[in-house]
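For reference, the structure is listed below as structure tokens.
The values are calculated or read from the model by the stated rules, or taken from the named source; none is laboratory data. Computed from a predicted structure; not experimentally measured. Cβ placement follows ideal geometry from the backbone for every residue including glycine, while neighbour counts extend to all protein chains displayed.
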2 protein chains.
Amino acid sequence: MGNIYAGVDLGGTTVKLGLLTDEASLIRKWEIPTRKDDGGKQVIPDIAASIKKNMEEEGIRFSELAGAGLGVPGPIRQDGYLEVCVNIGPGMRDMNPVKDLSGLLGGIPVKGGNDANVAALGEMWQGGGKGYRDVVAVTLGTGVGGGVILDGHIVAGSKGMGGEIGHMVMDWDWKEAEVCNCGNRGCLEQIASATGIARHARIFMRESDRPSVLRDLQRVTARDVFDAAKAGDGLAEDVADYCMMYLARAMAYVSQVVDPEIFVIGGGVSRAGQYLLDLIKEHYDPLIKLTRGKAKLALARLGNDAGIYGAAKMVIDEREK
Amino acid sequence: MGNIYAGVDLGGTTVKLGLLTDEASLIRKWEIPTRKDDGGKQVIPDIAASIKKNMEEEGIRFSELAGAGLGVPGPIRQDGYLEVCVNIGPGMRDMNPVKDLSGLLGGIPVKGGNDANVAALGEMWQGGGKGYRDVVAVTLGTGVGGGVILDGHIVAGSKGMGGEIGHMVMDWDWKEAEVCNCGNRGCLEQIASATGIARHARIFMRESDRPSVLRDLQRVTARDVFDAAKAGDGLAEDVADYCMMYLARAMAYVSQVVDPEIFVIGGGVSRAGQYLLDLIKEHYDPLIKLTRGKAKLALARLGNDAGIYGAAKMVIDEREK
């Protein structure tokens, strides 16, 4: 059997794919659109065909493919059963994409995982968490994703809900009217995601007359908030502080449950860099009273490739069991 | 080598000990006082001597002892290093009770764990979580203890803080003045422990003139609160409801991090039985929106023996690795 692995990161718009060796060398990476006609029924066949085609183009024999890992944007069980994948369509509901993909790839081992968990594994293997085994990844993008890695392995959870920190309810007073995609209110995702930070900038501007460079912008983004905060804009500093305080509280909860060595912070918001880490640390450290040691904080390093790396790593580990 | 294991549950007042087979048959159990003279330096030698003496009395040869497990009331690392054990004394600080006990027992394998985690493992093995592999134990006693078991193993955490759910800050408004033992305010332990429930009964009585049978009691306990609530006393119902709402919120957080199959509720407060489980479930289920499935709830079954069983199981697993 070969030592080439396919890493597949299935998203709502595109599928990111890569071919890797078991020593983490990325041979090729590419993308295909996520075809949603037919409710998404073509997605898995498209992936299988694309892997075969790209292997051929790379001059790799199909027999060298030792396994494939698949990250999906939904809760997926250990056995590959997928309850629902809201971002794709009814064709990916109550089905088993892992078995389907394996079948289409000649029965090779395929392992599936939730996309956020899979990206976390990638960051542990070759990214911001390299060298650690107990890692929690926090992705601050359109939403807030999370992935818990303990002793080097994904904590998927009994219903695929492991690491779903974006839906921890952090604001029980529900001061705001907006309902989260999940149906609750006050979720971490509504506060600490790029969208949440931008929305809170609008709320802070509406609720006071304080001058701010943010008021000159047509449409405020999380990036604007952090840029202005770094430049000393008081209102922007307060927005960043408010939103990251809630993130730190959620991270303290995570530590009180699984106590990771390191948190790896990724997603668009993490482009704010060391300023962001310092701000989170300022709120996080004082909450941890039970031990002298505090979890480390680091930035994610693999960007959009984290899912490809993590998916490959998942099936490499499975094979080495 | 034999198949007899010693399970040791070291507490602030007494040490509970047991001799078990690897098939969970409890041959003998007993207790000794926790000797605190000398800051607790005699505790580990006392345990070793007591195991030897009881084996002799039971007619078991010392060579049949295959290992010992040790639960301690403090954060203990995988290698046995204990940072601090506040309930015992300075003689059990910055030391390694696991190595010490192994040395005193002729070098047999010894495995250490935090007492709450070890009790959780016991409940998974032979108690309320029997038949499950992803179990979170919640102990509502003087404090609130927690233990996270994933895939059958304790999640100790990188600094021994795994499962420390009692110190999740649940009330960020810090409406109350009292500071938790950990130094924070608003910890779950201050609300949902037996002590916390009793204190909240006093707060609720102070803050209104509502009649309640609790007002006739000299000193209200958590048991009084649940007895009165079961009998339909409105104020007692509200106290129980308030305290268990916060517990359910913390349990939702736990589910969003590790997504267990089942929560096992133990400790003195759990004597309120099915009424307690129903009340927690009423608050917990609506918070879980991401999956149709909800974690099961069950009562702990082993009582004070959970630590003995868990400690033995811990070293049995270690030996079978």
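Side notes on the structure shown:
- Filtered residues of segment B:90-108 (kept if part of a loop (DSSP other than H, G, I, E, B) and either acidic (Asp, Glu) or under 20 Å from the mean Cα position of the chain (by Cα) (or both)): B:ASP94
- Among (1) away from every other protein chain (no Cβ under 13 Å); (2) at pLDDT 95 or above; (3) buried (at least 24 other Cβ atoms within 10 Å of the Cβ); (4) out of contact with any Ser or Thr (no Cβ under 8 Å at 6 or more places or on another chain), the one test that A:VAL135 misses: (1)
- Residue list for segment A:145-185, restricted to those being more than 11 Å from every other protein chain (Cβ to nearest Cβ) and at pLDDT below 95: A:GLY145, A:TRP174, A:LYS175, A:GLU176, A:ALA177, A:GLU178
- Candidate set: segment B:242-294, residues that are farther than 21 Å from A:VAL148 by Cα and β-branched (Val, Ile, Thr); chosen: the one farthest from the chain's Cα centre (by Cα): B:ILE280
- None of A:ALA311, A:ALA295 is buried (at least 21 other Cβ atoms within 10 Å of the Cβ), at pLDDT 95 or above and within 14 Å of chain B (Cβ to nearest Cβ) except A:ALA295.
- Tally, over segment A:50-92, of residues that are farther than 17 Å from A:ALA156 by Cβ and either of a type in the set (A, V, I, L, M, F, W, C) or touching a strand residue (DSSP E or B) at 6+ places or on another chain (Cβ under 7 Å) (or both): 15
- Listed by first and then second residue, the pairs with beta-carbon distance under 8 Å, at least 6 apart or on different chains, first residue in segment B:15-26 and among the hydroxyl-bearing types (Ser, Thr, Tyr), second not in a strand (DSSP E or B), are B:THR21/B:ASN3.
- Among residues of segment B:237-257, those that are touching a Leu at 6+ places or on another chain (Cβ under 7 Å), more than 14 Å from chain A (Cβ to nearest Cβ) and surrounded by fewer than 24 Cβ atoms within 10 Å (Cβ to Cβ), counted: 1
- Filtering segment B:258-291 to residues that are facing chain A (nearest Cβ under 7 Å) and touching an Asp or Glu at 6+ places or on another chain (Cβ under 8 Å) leaves B:VAL258, B:ASP259, B:PRO260, B:GLU261, B:LEU290, B:THR291.
- Restricting A:ASP46, A:ASP9 to those that are in the same structural domain as A:GLY107 (by TED's automatic domain parsing), acidic (Asp, Glu), at pLDDT 95 or above and within 20 Å of the chain's Cα centre (by Cα) reduces the list to A:ASP9.
- Candidates B:GLU64, B:GLU23, B:GLU57 - the one that is surrounded by fewer than 21 Cβ atoms within 10 Å (Cβ to Cβ), modelled with pLDDT under 95 and farther than 30 Å from B:THR142 by Cα: B:GLU23
- Taken over segment B:173-205, the residue count meeting the criterion of being basic (Lys, Arg), touching an Asp or Glu at 6+ places or on another chain (Cβ under 8 Å) and assigned to a loop (DSSP other than H, G, I, E, B) is 1.
- Condition met for A:GLY127 (more than 14 Å from every other protein chain (Cβ to nearest Cβ), in contact (Cβ under 8 Å) with a residue 60 or more places away in the chain and closer than 19 Å to A:GLY307 by Cβ): yes
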